[in-house]
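Structure first, commentary second.
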Amino acid sequence: MDDLAVQTYKVQEIISRWGPKPDLVIEMLHDIQTEFKYLPEQALNQICREVGVRLATLYHIATFYNAFSLTPRGKHQICVCMGTPCHALGAPRIVEAIERHLKVKCGGTTEDLKFTLEVSGCVGTCGLAPIVIVDGELHGLVTPVNVSKVIDRYSD
């Protein structure tokens, strides 16, 4: 089976799991985002056909919620907290160090699709500032010097 056929099959499984109910498209989009790390155009078109929702509606949902991405994302999600304590203790320099280490700009994904780098507002762990979160795992007291050690743990 080629990649498109596999993708079509997986999207069909997700639609079947929720049933062709327009009021459940957000749940479908979450499952598709989890499966593919973004919302492929083909998947959105498939939902339109099988669920009867307009493509414009799906794009509205996908662009409204930060949980969704219309472009491929990395296998590993890196998020640097930019809350006030993290910012004051060097989070901007940590972002710069990660950008240099991975050769990617903040908001982007590495060419090999291994990492996506983003920033967020306060994550509520100010006592460990500055914070870097990788795939939901919190790393506190990060410095520009030790950021490569944190990232390299995920270089599989």
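The values are calculated or read from the model by the stated rules, or taken from the named source; none is laboratory data. Remember, it's a predicted structure, so these values are computed and weren't measured experimentally. Cβ coordinates were reconstructed from backbone atoms using ideal geometry, including for glycine residues, and neighbour counts include every protein chain displayed.
Mind checking whether some residue in segment 7-26 is among the small types (Gly, Ala, Ser) and closer than 30 Å to SER148 by Cα? No, the conditions are met nowhere in segment 7-26.
For segment 70-82, a residue qualifies if it is farther than 17 Å from GLY136 by Cα and either buried (at least 18 other Cβ atoms within 10 Å of the Cβ) or touching a residue at least 40 places away in the same chain (Cβ under 8 Å) (or both), and exactly one does: PRO72. Going residue by residue through segment 76-96, is there one that turns out to be among the basic types (Lys, Arg) and more than 30 Å from LEU24 (Cβ to Cβ)? Taking every residue of segment 76-96 in turn, at least one turns out to be among the basic types (Lys, Arg) and more than 30 Å from LEU24 (Cβ to Cβ). Among the residues here, CYS122 does not qualify as more than 28 Å from ASP31 (Cβ to Cβ) and either in a helix (DSSP H, G or I) or at pLDDT 95 or above (or both).
Taking first residues from segment 30-48 that are without any contact (Cβ under 8 Å) to a residue 12 or more places away in the chain and partners that are of a type outside the set (Lys, Arg) and in a helix (DSSP H, G or I), the Cβ contacts under 7 Å between residues at least 6 apart in sequence or on separate chains come to ASN45/LEU55; CYS48/LEU55; CYS48/LEU58.
Among the criteria (1) under 21 Å from the mean Cα position of the chain (by Cα); (2) over 24 Å from ASP112 (Cα atoms); (3) at pLDDT 95 or above, the one TRP18 does not fulfil is (1). Cβ-Cβ contacts under 7 Å between residues 6 or more apart (or on different chains), taken from a first residue in segment 132-147 that is more than 13 Å from VAL95 (Cβ to Cβ) to a second residue that is small (Gly, Ala, Ser) and surrounded by 15 or more Cβ atoms within 10 Å (Cβ to Cβ), are absent.
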